[in-house]
């Protein structure tokens, strides 16, 4: 198991356990978290722990897919909260000390498909 | 470079070049393409090539991030079409012959951020 894969497993494990000390230890002090869809940004370990600690609801993240090379990782999670499930896609980048230096988070939501130019698509 | 990384680079290169023969050669005959947000599915190499070949507009995909291990890969692309840019996230899975067997595609769109429970967020 490469190090980024192991770190992402521990990241979600600590988050689900609300173990904010273990969670914080995985993060670079200057971590930057961004959501391109909302143009939100959180800077720094203390802020980022607080952002997660205060996230409302009895949420839980289940890893659906995890791809990791030696420097980056992507997790696709089912984020369960208050009886609903959203999909979260997190791109993790790491610093030389093996801490999470940057997370770019995406939250793709359902939408109606456009008209398509070929007769090759089914719905499920 | 691991094989999945190389295959994804060739996949987007062939798509941007509209080289449908090279594109098709990267795909398993039974490839399954899914968009969870719209619950659309395309089955089979011929259908999937047609789906891409008939995609309207002068589009071009620029790889922003690429993470690959020995069995899977994720690309984050800037998908430029008709003067707009969307973000596409593709999760690739491969068969034993090194062909793309499954693609799960996500298209996260901008949205207004919800009220947040901490004073730790900036906008950019």
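Does residue A:64 satisfy the condition of being without any contact (Cβ under 8 Å) to a residue 40 or more places away in the chain, in contact with a strand residue (DSSP E or B) (Cβ under 8 Å, 6 or more places away or on another chain) and within 29 Å of residue B:72 (Cα to Cα)?
When the stated conditions are applied, residue A:64 passes them.
Among the residues making up segment B:27-44, those that are out of contact with any strand residue (DSSP E or B) (no Cβ under 6 Å at 6 or more places or on another chain) and away from chain A (no Cβ under 14 Å) are B:29, B:30.
Of A:72, A:65, all but one fail to be within 18 Å of residue B:68 (Cα to Cα) and either touching a helix residue (DSSP H, G or I) at 6+ places or on another chain (Cβ under 6 Å) or surrounded by 18 or more Cβ atoms within 10 Å (Cβ to Cβ) (or both); the exception is A:72. Only a single criterion out of (1) facing chain B (nearest Cβ under 7 Å); (2) surrounded by 18 or more Cβ atoms within 10 Å (Cβ to Cβ) is not satisfied by residue A:122, namely (2). Only one of the listed residues (A:93, A:86, A:34) is within 11 Å of the chain's Cα centre (by Cα), assigned to a strand (DSSP E or B) and within 26 Å of residue B:86 (Cβ to Cβ). That residue is A:34. Scan segment A:109-116 and give yes if some residue there is in contact with a strand residue (DSSP E or B) (Cβ under 8 Å, 6 or more places away or on another chain) and part of a strand (DSSP E or B), otherwise no. No, every residue in segment A:109-116 fails to be in contact with a strand residue (DSSP E or B) (Cβ under 8 Å, 6 or more places away or on another chain) and part of a strand (DSSP E or B).
State all residues of segment A:67-83 that are outside any strand (DSSP E or B) and within 11 Å of another protein chain (Cβ to nearest Cβ); if no residue qualifies, say none. Within segment A:67-83, A:69, A:70, A:71 qualify.
Confirm whether residue A:24 is part of a helix (DSSP H, G or I), in contact with a strand residue (DSSP E or B) (Cβ under 9 Å, 6 or more places away or on another chain) and either more than 10 Å from every other protein chain (Cβ to nearest Cβ) or surrounded by 17 or more Cβ atoms within 10 Å (Cβ to Cβ) (or both). No, not satisfied. Suppose we filter B:86, B:6 for residues that are closer than 25 Å to residue A:115 by Cα and touching a strand residue (DSSP E or B) at 6+ places or on another chain (Cβ under 9 Å); which single one remains? Within the list B:86, B:6, the selection yields B:86. All of (1) more than 14 Å from chain B (Cβ to nearest Cβ); (2) in contact (Cβ under 8 Å) with a residue 24 or more places away in the chain; (3) closer than 23 Å to residue A:86 by Cβ; (4) over 13 Å from the mean Cα position of the chain (by Cα) hold for residue A:57 with one exception: (1). Restricting segment B:104-119 to residues that are surrounded by fewer than 16 Cβ atoms within 10 Å (Cβ to Cβ) and at the interface with chain A (Cβ under 8 Å from one of its Cβ atoms), the residue that is nearest to residue B:52 (Cα to Cα) is B:109. For residue A:101, the conditions (1) surrounded by fewer than 16 Cβ atoms within 10 Å (Cβ to Cβ); (2) more than 7 Å from chain B (Cβ to nearest Cβ) all hold with the exception of (1).
Quick note: the coordinates plus some simple rules give every number you see, no bench work behind them. From a predicted model like this one, the values you see are computed outputs, not experimental measurements. Because the Cβ atoms are built from the backbone with ideal geometry, glycine has one as well, and the counts that use them run over all protein chains shown.
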